[in-house]
Every structure is written in structure tokens, then in C-alpha cells.
Ligand code: ATP
Ligand code: MG
């Protein structure tokens, strides 16, 4: 499974609707400072619910993720389209600004769902919010400075071994 395309509408620095194609294997995004490279990563994290808080997206509140260059727009949207062996999986997350506050909405292949359902689906493909599917700025330094035991834990997480260690510990306890 890989990301085939992302579509941004009024997300952060992306005014209007922007479509970004990705390639199977490896995609590099380059551009001048402040041109929106990290905002693309933020869009993916936001859409897939991979961050515990908007702080990781460099925003105080969810409303700050809406493009702000045009007065106060009411809506932003990110869609991530996966190619799963030729089958398309389309995940959308929308932000709406209202007088009562900001709300987010999630869709799976156009159908309204809650974020937990999306996270459950992604977990089937080994994408977890607390794993190292996304290596953020500063993570590499942090990993290099860890103790060997802490580093081993990350490798176990990625390999899917931790899950069995947890089950084993639980079984021994019982
Ligand atoms: P660098 O190479 O320095 O890491 P970058 O390409 O990763 O740069 P980003 O951090 O993605 O750049 O983009 C930063 C820009 O996004 C800033 O100019 C900031 O003003 C703009 N930006 C962030 N949020 C919004 C928003 N809600 N509305 C409009 N612009 C925004
Ligand atoms: Mg950046």
C-alpha cells in the first residue's frame, strides 16, 4: 500500500485546491524555505489522525490549520488517497470553523466515519499513531542519542514483536 495522491483545500499555506501526486517507492519534495514542504507532511498527519495534538502540526488550535491569507475562511480539507494493490482507499478530514468553535469531520471513501475507525483501518496496514511510520524533524537525532535498549524497542515496534511481548507479559501475569 502506498500514498498515490493527496488533495489539499485551504490547508495551512495551500490556498484553494492543490493536488499532489506521490510515487510508488520514493517521493522527494523540495522547495525554498517556507514554501510549504512541512505543511504537506502536516496535512498527511492531520488527515490520518497520526498526531495526538495539533501542537505537532505547529498549530495552537485546529482552526489555525485553515488557510489564513484570505480573511477568515470557514473550511479546510485534506484527502489522502492510498493505492492498496490497485484498490483505492480515500481518507478525508475536514475542519469547519463555526461561531461555537472548530469541528473536524472524517470520511472513508466518501462515507462519514469517526477518526477511530480510520485509525483502526490504518492499523491493519501497520500504520499506528505512536509508531515510527513518520519520522519527524529531530527524531533522527533523538534516536541516535538513545540507549541501545530504547533503540531496540523501536525496532521491535516496527517489526511487530512488541505486541507479542505485551501479550506474553500479560499471560505470565495471569
Ligand atoms: P523549511 O524549508 O524552512 O522547513 P517548509 O517548506 O517546510 O520550510 P512550511 O513550514 O511547510 O515550510 O511552511 C511555512 C509557511 O506556511 C509559513 O510561511 C507560514 O506562514 C505558512 N502557514 C502556516 N499556517 C498557515 C495558515 N493557516 N495560513 C496561511 N499560511 C500558513
Ligand atoms: Mg520544513
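Shape class of the chain from the alpha-carbon gyration tensor: prolate, with a/c at 1.5 or above and a/b greater than b/c. Centroid-to-centroid, using Cα positions, the range 10-62 and the range 104-174 are 20 Å apart.
Note on residue 1 and residue 136: the extension gain reaches 46.5 nm, defined as 0.36 nm multiplied by sequence separation minus the Cα-Cα distance.
Of all DSSP bridge pairs formed entirely within the chain, close to 95 percent run antiparallel. Pairs of Cα atoms nearer than 8 Å and 6+ residues apart set the relative contact order; for the range 2-127 it is 24 percent.
Only helices enter this figure: runs of n ≥ 4 DSSP H residues, each worth -39500 (n - 2.57), summed and divided by the residues of the chain, yield -9000 deg cm²/dmol at 222 nm to the nearest 500. Computing Rg and the Kirkwood Rh from the Cα coordinates of the range 1-94 gives a ratio, Rg/Rh, of 0.96. Ordered from longest to shortest, the equivalent ellipsoid semi-axes for the range 44-113 are 24, 14, 11 Å, each the square root of 5 times a Cα gyration tensor eigenvalue. Note on the chain: with a GNM built from Cα contacts shorter than 10 Å, the maximum mean-square fluctuation among 135, 18, 41 falls on 135.
Every number here is computed from the coordinates shown, using simple stated rules; none is lab data. None of the values given here were measured: they were computed from a predicted structure.
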